[in-house]
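Written out below as structure tokens is the structure these notes cover.
Bear in mind that the values in this text are calculations on the coordinates, not laboratory data. Model, not experiment: these values are computed from the prediction. Cβ: placed from backbone, ideal geometry, glycine included. Neighbour counts: every protein chain shown.
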Amino acid sequence: MRVGLVGCGNIAGRYAESIAAADGLELVAATDALPGRAEELVARHGGTAYASLDELLADPSVDTVVNLTGAVAHVAVTRAALEAGKHVHSEKPLALRHGDARGLVELADERGLGLSSSPATLLGEAQQTMWRLVRDGAIGTVRVAYAEANWGPIESWHPDPTTIHAAGAMADVGVYPIAILTAMFGPARSATAYATTLVPDRFDLRGTPFSIETPDFIVALLELESGVVARVTASFYVGPSYQRGIELHGDDGILHLAAWGDFSSGLLHSSTGNADDYEEVALLRPGYEGTDWSRAIVDLAAAVEEGRRPRASGEHAAHVVEILDAIDASRRHGGPVAITSSFTRPKPLPWAVGREG
Ligand SMILES: NC(=O)c1ccc[n+]([C@@H]2O[C@H](COP(=O)([O-])OP(=O)(O)OC[C@H]3O[C@@H](n4cnc5c(N)ncnc54)[C@H](O)[C@@H]3O)[C@@H](O)[C@H]2O)c1
């Protein structure tokens with residue numbers, strides 16, 4: 001796939017590096033709404049810098065757009081790319097409202113184009129290993145999941161926290177474990193949430209004061225169709241500590257993944273459920289250190305070739321956006337909010353397939 005990056009901000013360099021390292025991907029173009037950013041990126045990583053999205057989309061050598069703009073711009077950029085006949089991988093969330101996310105999935109389907117979206121950390125070695133153990137029955141029937149997405153005050157390191165705070169902690173980081181849990185256990189059917197803003201008035205790296213309008217501490221309870229109950233915490237107040245993991249509780253034990261975003265994360269297994277016999281699990285293959293940002297794009301390329309949905313499908317991402325909508329409605333109005341959409345669950349990666357074949 002020949003990739004055009006749209007949005008050359010904080011994360012773009014890491015995407016460019018992982019695209020360069022991936023078989024079958026090539027960075028051929030970049031653009032950013034701010035002058036100079038795309039030029040800087042291509043000077044380091046190669047490709048052509050375009051002054052506008054329209055110019056990048058007019059380049060026939062670009063067959064795939066990777067949308068790395070801030071959350072508020074995701075829908076407009078993804079829609080324009082699909083309308084121009086490009087496959088798209090979008091950073092998360094696919095959209096800020098479920099209706100918009102569904103519209104993108106329908107557009108991609110109508111045009112016969114591939115659409116994938118982050119979060120795609122399910123594709124990591126540690127995450128695939130945990131999923132395989134679940135499928136193999138290592139902890140029996142899973143009934144409870146605890147997931148923690150505590151990212152601390154992002155303005156302490158991110159040079160432009162505005163669009164991230166506009167999306168809010170659940171849409172920015174809570175989505176990672178939500179995507180993993182729904183891929184593993186199927187769609188959510190209701191969300192009940194509590195949220196509060198602990199520190200509304202903040203300072204960016206330049207010392208400029210700003211206020212946040214989305215809660216910086218949210219706890220959501222998701223009831224999945226399969227019967228699993230998941231409690232997900234997302235916070236831009238609580239710092240990383242040890243609270244970036246997923247813990248699964250089954251009838252026959254516990255699995256504890258230390259970090260849902262780290263492909264070589266520690267993974268512990270207790271077969272008693274008392275947590276006094278935790279053992280470190282060997283991953284199915286050596287884990288990539290950190291997050292391999294290109295992995296979902298490599299899978300998108302294979303999906304297009306094989307005529308299937310990508311594992312981190314737009315359809316699944318749209319369901320995740322409906323969950324975000326339901327969490328938001330519940331934290332505003334109280335009580336459980338129903339979730340109705342579904343998606344085709346992804347298959348494990350070939351090296352992680354087990355007894356099921
Ligand atoms: N920064 C991270 O560590 C990180 C990690 C994982 C995922 N992400 C996701 O990646 C995306 C980008 O994050 P970031 O931290 O790089 O943000 P950022 O604000 O640093 O960069 C976004 C860039 O997009 C550009 N942009 C905005 N609207 C545009 C448009 N319509 N056309 C062209 N360019 C446009 C901005 O000028 C900016 O340079 C977000 O969805 C975020 O959730 C970021």
Where the Cα atoms of the chain are projected onto their three principal axes, how long is each span, largest first, in whole Å?
58, 51, 35
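Rounded, prolate or oblate: which fits region 296-357, taking a ≥ b ≥ c as square roots of the Cα gyration tensor eigenvalues, rounded meaning a/c under 1.5, else prolate when a/b beats b/c? The partial results should precede the final answer.
Details: a/c = 3.49, a/b = 2.26, b/c = 1.54.
Taking the square roots of the gyration eigenvalues as a ≥ b ≥ c, region 296-357 is prolate.
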Based on DSSP H runs of at least 4 residues, each adding -39500 (n - 2.57), what is the mean residue ellipticity at 222 nm of the chain after dividing by all its residues, to the nearest 500 deg cm²/dmol?
-9000 deg cm²/dmol
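Mind checking the alpha-carbon convex hull of region 180-330 and giving the volume per residue in Å³?
Working: hull volume 25.9 nm³, N = 151.
Taking only Cα atoms, region 180-330 has a hull volume of 171 Å³ per residue.
Please give me the summed charge of the neighbours of ARG97: other residues whose Cβ is under 10 Å from its Cβ, Lys and Arg +1, Asp and Glu -1. Walk me through the numbers on the way to the answer.
Values: positive: ARG102; negative: ASP100, GLU322, ASP325, ASP328.
Residues near ARG97 contribute -3 overall.
As a test, work out the antiparallel percent of DSSP beta bridges whose residues both lie in the chain, rounded to the nearest 5.
Approximately 60 percent, going by the DSSP bridge assignments.
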The chain: most fluctuating residue of GLY99, GLY70, GLY250 per GNM, C-alpha cutoff 10 Å:
GLY99
At 1.306 mPa s and 10 °C, plugging the Kirkwood radius over alpha-carbon pairs of region 254-357 into Stokes-Einstein gives what diffusion coefficient in µm²/s?
94
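How big is the antiparallel share of DSSP beta bridges in region 221-357, given as a percent to the nearest 5? The partial results should precede the final answer.
Details: 14 of 15 bridges.
Given both bridge residues lie in region 221-357, the antiparallel proportion sits at roughly 95 percent.
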Using a Förster distance of 22 Å, how high is the FRET efficiency between LYS347 and THR141, based on the Cβ-Cβ distance and rounded to 0.05?
0.55
Region 292-340 versus region 1-71: alpha-carbon centroid distance in Å:
23
Dimensionless Rg ratio for region 1-111, taking C-alpha atoms and the 2.2 N^0.38 Å reference:
0.99
Cβ-derived FRET efficiency at R0 51 Å, ALA166 paired with TYR278, nearest 0.05:
0.80
Order by protection proxy (mean Cβ within 10 Å, highest first), peptides 15-26, 117-128, 221-232:
117-128, 221-232, 15-26
Taking the Cα atoms of region 95-218, what is the range of coordinates along each of the three principal axes, in descending order and whole Å?
51, 41, 29
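With a sphere of radius 14 Å drawn around the Cβ of ALA191, what net charge do the other residues whose Cβ falls strictly inside it have (Lys, Arg +1; Asp, Glu -1)?
Numbers: positive: ARG189, ARG231, ARG331, ARG332; negative: GLU223, GLU225, GLU322, ASP325, ASP328.
So the environment of ALA191 carries a net charge of -1.
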